[in-house]
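The structure appears below as structure tokens.
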Amino acid sequence: MNDENEFSINISIIDILNKSFSEYLIKKIQEHNIGSKLVLEIVEQENIDDYDEFYSFLKKVKSLGCKIAVDDFGSGYSNFDYIIKMSEYIDYLKIDGSLIKNIVDDEKSLLLIQSIIFLCAKLDIKTIAEYVENKDIQDLLTELGIDYSQGYYIAKPSGDLI
């Protein structure tokens, strides 16, 4: 693996709050010294019942060099307050494709995406647009200041390791 490459794994709030899972994950990150390469994508589709445990996990993995991404923002319990409260831990915000796919033709979707990008820029969080399916969407996102894009227009999914 190239020294500059990162890799991501998806984990849920339930995974994080499962003590045996979170301890195992932290142990493996330390054992293989991969913290600086690892992005933990938190699939944020359930409510957080234990904020103390959740923040403790985030602090620990951040201290090991891991980056944190909130995945599918806009599809679950996510909201602006959630992002503001977690901003010191979040490196990337992945904007759900359900919000991205209509931005060219729907002014309300466009305004929402502009707001998300603006907030993230102010909080020093990189933005990733999911479901970028064509040039029109990509061009508009570039104009709005999105940091990264993902979708069929960029590249088809691949099982190959890079």
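The values are calculated or read from the model by the stated rules, or taken from the named source; none is laboratory data. Note that the structure is predicted; figures quoted are calculated from it, not measured. When we count neighbours, we look across all protein chains shown, and the Cβ atoms used for this are built from the backbone with ideal geometry, even at glycine.
Structure above, values below:
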{"quantity": "Subset tally (residues that are outside the structural domain of I117 (by TED's automatic domain parsing) and either within 17 Å of S115 (Cα to Cα) or acidic (D, E) (or both)) for the range 129-162", "calculated": "1"}
{"quantity": "Among residues of the range 86-119, those that are closer than 19 Å to C66 by Cα and either touching a Cys at 6+ places or on another chain (Cβ under 7 Å) or not aromatic (F, W, Y) (or both), counted", "calculated": "7"}
{"quantity": "Of residues in the range 72-94 being modelled with pLDDT of 95 or more and among the charged types (D, E, K, R), the one farthest from the chain's Cα centre (by Cα)", "calculated": "E88"}
{"quantity": "Near pairs, Cβ below 6 angstrom, 6+ apart or cross-chain, from the range 19-37 (touching a residue at least 12 places away in the same chain (Cβ under 8 Å)) to any residue that is charged (D, E, K, R) and part of a loop (DSSP other than H, G, I, E, B)", "calculated": "K37/E6"}
{"quantity": "Which numbered condition A121 fails, given (1) modelled with pLDDT of 95 or more; (2) under 17 Å from S8 (Cα atoms); (3) among the hydrophobic types (A, V, I, L, M, F, W, C)", "calculated": "(2)"}
{"quantity": "Matching option when the condition is within 21 Å of I11 (Cα to Cα) and in the same structural domain as K19 (by TED's automatic domain parsing), among K126, K62, K85", "calculated": "K62"}
{"quantity": "Count of residues meeting criterion [assigned to a helix (DSSP H, G or I) and among the aromatic types (F, W, Y)] in the range 69-98", "calculated": "2"}
{"quantity": "Leading residue by the ranking (surrounded by the fewest Cβ atoms within 10 Å (Cβ to Cβ)) among those in the range 46-62 that are part of a helix (DSSP H, G or I) and not charged (D, E, K, R)", "calculated": "Y51"}
{"quantity": "Any hit, the range 43-50, residues being in the same structural domain as V61 (by TED's automatic domain parsing) and within 12 Å of V61 (Cβ to Cβ)", "calculated": "no"}
{"quantity": "One residue from D91, D71, D147 being of a type outside the set (A, V, I, L, M, F, W, C), on the phi < 0 side of the Ramachandran plot, surrounded by 20 or more Cβ atoms within 10 Å (Cβ to Cβ) and in contact with a Lys or Arg (Cβ under 6 Å, 6 or more places away or on another chain)", "calculated": "D71"}
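Conditions (1) closer than 24 Å to K62 by Cα; (2) not hydrophobic (A, V, I, L, M, F, W, C), marked per residue:
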position: E107; (1), (2): no, yes
position: L112; (1), (2): no, no
position: K126; (1), (2): yes, yes
position: I137; (1), (2): no, no
position: E143; (1), (2): no, yes
position: D147; (1), (2): yes, yes
position: G151; (1), (2): no, yes
